[in-house]
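Everything on this sheet refers to the single structure shown next.
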Amino acid sequence: MGTISERKPWQENAAVRVLVITLASLLYALNFKSFVAAGDLFPGGFTGLTRLIQRLAITYLEVELPFSPINLLFNAVPAIISFRLVGKKFTLYSCLSIVLTSFFTDLIPSIEITEDVLLVCIFGGMINGFALSLCLLVRVTSGGTDFIAIPLSERKNIDAWNYILCGNVVMLAVAGLLFGWDTALYSIIFQFTSTQIIRLMDPDGRRDTLLIVTKKSSVEAIGQLVESTHHSATILEGVGLYNGEPRAIVYTVLEDSRVRWFTHQVRQIDPTAFVNVLRTEKVVGKFYRRPRD
């Protein structure tokens, strides 16, 4: 069973990560130069701060500032903190995402898709959240406030995305005072939509409860499989109602991203095993989270 725990998840493959990060950065930049620019929105986070500074420079100084230098400057300090507290590879891949996003944003021209601001907010927010979720899928981030949200989620075991949303609302309120409340309120709709998509798709933010009904002879092997995930389990004694044979019920909770792999391994151990997977809303107590590399 030792080889099971040493198996490297596909999300941590270097080539896959670079490919997904490039795709997510391109999609994020396209969304920024189409929906965000068309709706004159402030997307929140350091990207929103960058756009706010650009608007201030154009409005009061009549100077058009480039996106990349400002965005990279804002991300510098959180990246250093993340490098020390979260993980080296995680931070370096995330910095690649920041650099590519900044480069694509300056390179791609503005594209107006629709003039309906409400459609811009909803669909732009959905695309924005999907692009950020692609980064989370390969266990990296797009930078900015995500550098703050992920350590909070992992170290304190709390859902930090809505707290980040509250911080973005404060920044958008400042934008509303300076450039009009319509823009700020529409930007809040955009940010809310994006945040909910991230919470829905974040693979490390979901938990599943597994109830595994198996032969008593398979309990030890399945127990070793559970231990390979750094989790524990509770074993209940039971009897099959159909044939009266003794059965064991293994109860455990895992990250959603590992459930498919885990259930496949269980079926390899016991082809007759019955596995019930239940979505878990909240876990209270110690729960192992894989550290970022």
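Residue count for the range 191-216, restricted to those that are assigned to a helix (DSSP H, G or I), surrounded by 15 or more Cβ atoms within 10 Å (Cβ to Cβ) and not aromatic (Phe, Trp, Tyr): 12. Being touching a Phe, Trp or Tyr at 6+ places or on another chain (Cβ under 8 Å) and either buried (at least 19 other Cβ atoms within 10 Å of the Cβ) or outside any helix (DSSP H, G or I) (or both): is that true of residue 131 here? Criteria met by residue 131. Determine whether residue 62 is under 25 Å from residue 193 (Cα atoms), modelled with pLDDT under 90 and not hydrophobic (A, V, I, L, M, F, W, C). No, not satisfied.
Taking the range 171-227 as the search range and keeping residues that are among the acidic types (Asp, Glu) and at pLDDT 85 or above, which one is farthest from the chain's Cα centre (by Cα)? Among those that are among the acidic types (Asp, Glu) and at pLDDT 85 or above, it is 220. Looking only at the range 158-170, filter to residues that are modelled with pLDDT of 75 or more and among the aliphatic types (A, V, I, L, M); which one of those is nearest to residue 283 (Cα to Cα)? Going through the qualifying residues, I end up with 169. Checking each residue in the range 12-30 for being more than 16 Å from residue 98 (Cβ to Cβ) and not hydrophobic (A, V, I, L, M, F, W, C) picks out 12, 13.
Per the conditions (1) closer than 30 Å to residue 200 by Cα; (2) buried (at least 16 other Cβ atoms within 10 Å of the Cβ), the sole criterion not satisfied by residue 234 is (2).
Would you confirm, using the coordinates I've provided, whether residue 188 is part of a strand (DSSP E or B) and free of Cβ contacts under 8 Å to residues at least 60 places away in the same chain? The answer is no for residue 188. Annotation note: of 253, 275, 213, 284, the sole residue that is free of Cβ contacts under 8 Å to residues at least 12 places away in the same chain and either in the same structural domain as residue 83 (by TED's automatic domain parsing) or among the aliphatic types (A, V, I, L, M) (or both) is 284. Figure legend. Inter-residue proximity from the range 97-115: first residues in the same structural domain as residue 40 (by TED's automatic domain parsing), second residues loosely packed, with under 14 Cβ neighbours inside 10 Å and not aromatic (Phe, Trp, Tyr), beta-carbon distance below 8 Å, spacing 6+ or different chains. Indicated pairs: 106/66. Restricting attention to the range 243-257, the residues that are buried (at least 17 other Cβ atoms within 10 Å of the Cβ) and part of a helix (DSSP H, G or I) total 1.
For (1) modelled with pLDDT under 85; (2) hydrophobic (A, V, I, L, M, F, W, C); (3) surrounded by 20 or more Cβ atoms within 10 Å (Cβ to Cβ), each residue gets a yes or a no:
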position	(1), (2), (3)
46	yes, yes, yes
54	no, no, no
72	no, yes, no
93	no, no, yes
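Number of residues in the range 258-284 that are of a type outside the set (Asp, Glu), assigned to a loop (DSSP other than H, G, I, E, B) and under 21 Å from residue 202 (Cβ atoms) equals 3.
The values are calculated or read from the model by the stated rules, or taken from the named source; none is laboratory data. This is a predicted model, so every value here is computed, not measured. Neighbour counts are summed over all protein chains in view; Cβ atoms, including those assigned to glycine, are modelled from backbone coordinates with ideal geometry.
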